[in-house]
Amino acid sequence: MKKIIRIFTIILMLIFISTGQITAQEIPEENQVSEEEDKAKDDAEDEEEGISEYFSAHKPNYILLYNHYHQSTDHDFPSTEAEIKFQLSFKHNIMWLDFGDLYIAYTQKSFWQTYDEANSRPFRETNYNPELFFRTADWNGFNFDIGAEHESNGGTYVYTSGGEKIDKSRSWNRFYIIPRYKYNFGTSSFFQIEYKLWDRVNEDPKTDDSDVTGDENPDIRDYYGLSELRAKLKLGDFVLSTMARKNFNTKKGAFEANMSYPIITGLYVNLQFFEGYGESLIDYNNRKTTYGIGLMFTR
């Protein structure tokens, strides 16, 4: 399975390179009031989404210059309680159809212990997330995505000072569907809500502790559940976005909130709060409360 995923990731990157000459498609807006208002709305959305000729933002792109969490909740990593957290995310339209578009996407989220000078400022965790998905055309504010994604941390086995072997590898694959509704009010305000439902691709269990091909996190559904709800409210220049997920059988889940406001064109100050399980794959079963401040580039 892992070899298949690696091949799939390589194919995605090759498609990115080979389709670099495809330009962004313009999607007509419904209920246009005037050419001036429509242009102002398009310009504002382009600025928000970071649209370029070839690529566009997928998930938010940001860097938290200070992200704090309680060290006592992390038993396997000798770390400071402050770190830099950043996320890079982009997508590329590879096929345009009358009823929707096909995208490939890539997201990387990293946790960098840059303030831990004593341990050479290591990266505590990095998650890699390639996707392939189809997004339907907009219909009166409604659309939906259907796709497949892989997420892993590229980890392996490590040994403690006492010689204990710890498996640090985490990964999973899933298919998903995301119904979405966006309601615009005015030229620079909107409310958007989406509900992501997924089904994990099952993996073979490990035969023993040395098995590197078996499932590293067979109980991940207990902590992530099978869905998550996201909402975004934009009022003028201010944006509040939230994420919530919960497994109602195990009573485990997570909540995240981001608040952002522009500093200059294309750059926003961002406040982030997270509480629960799964801020990163290594912490899928480790509950954390974190908060940070930094800069957001696309939201």
**Request:** Go through segment 137-182 and tell me which strands (runs of 3 or more DSSP E), entirely inside it, have 1 or more residues that are touching a Leu at 6+ places or on another chain (Cβ under 6 Å) and at pLDDT 95 or above.
**Result:** 142-152
**Any chance Arg230 is at pLDDT below 95, in contact with a Ser or Thr (Cβ under 9 Å, 6 or more places away or on another chain) and surrounded by fewer than 19 Cβ atoms within 10 Å (Cβ to Cβ)** = no
**Request:** Considering every residue within segment 225-248, establish whether at least one is under 23 Å from Leu132 (Cβ atoms), touching a residue at least 60 places away in the same chain (Cβ under 8 Å) and of a type in the set (Val, Ile, Thr).
**Result:** no
**Asked** Which one is surrounded by the most Cβ atoms within 10 Å (Cβ to Cβ) among residues in segment 236-253 that are more than 19 Å from Tyr284 (Cα to Cα) and over 17 Å from the mean Cα position of the chain (by Cα)?
**Response** Val239
**Request:** Kindly establish whether Glu81 is modelled with pLDDT under 95, under 22 Å from Lys168 (Cβ atoms), surrounded by 15 or more Cβ atoms within 10 Å (Cβ to Cβ) and under 17 Å from the mean Cα position of the chain (by Cα).
**Result:** no
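Yes/no matrix, rows are residues, columns are (1) in contact with a strand residue (DSSP E or B) (Cβ under 7 Å, 6 or more places away or on another chain); (2) more than 29 Å from Thr187 (Cα to Cα):
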position	(1), (2)
Glu216	yes, yes
Tyr224	yes, yes
Ser227	yes, yes
Lys232	yes, no
Gly236	no, no
Asn249	no, yes
Ala254	yes, yes
Ser260	yes, no
**Message:** Looking at segment 113-125 only, could you name the residues that are surrounded by 18 or more Cβ atoms within 10 Å (Cβ to Cβ) and either modelled with pLDDT of 95 or more or of a type in the set (S, T, N, Q) (or both)?
**Reply:** Gln113
**Item:** segment 84-104 residues that are on the phi > 0 side of the Ramachandran plot and modelled with pLDDT of 95 or more, paired with ones that are of a type in the set (A, V, I, L, M, F, W, C) and surrounded by fewer than 18 Cβ atoms within 10 Å (Cβ to Cβ) (beta carbon under 7 Å, 6 or more apart)
**Value:** Gly100/Phe134; Gly100/Ala137
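The values are calculated or read from the model by the stated rules, or taken from the named source; none is laboratory data. As the structure is a computational prediction, the values presented were derived from the model and not from experiment. All Cβ positions, even for glycine, are placed from backbone atoms using ideal geometry, and neighbour counts span all protein chains on display.
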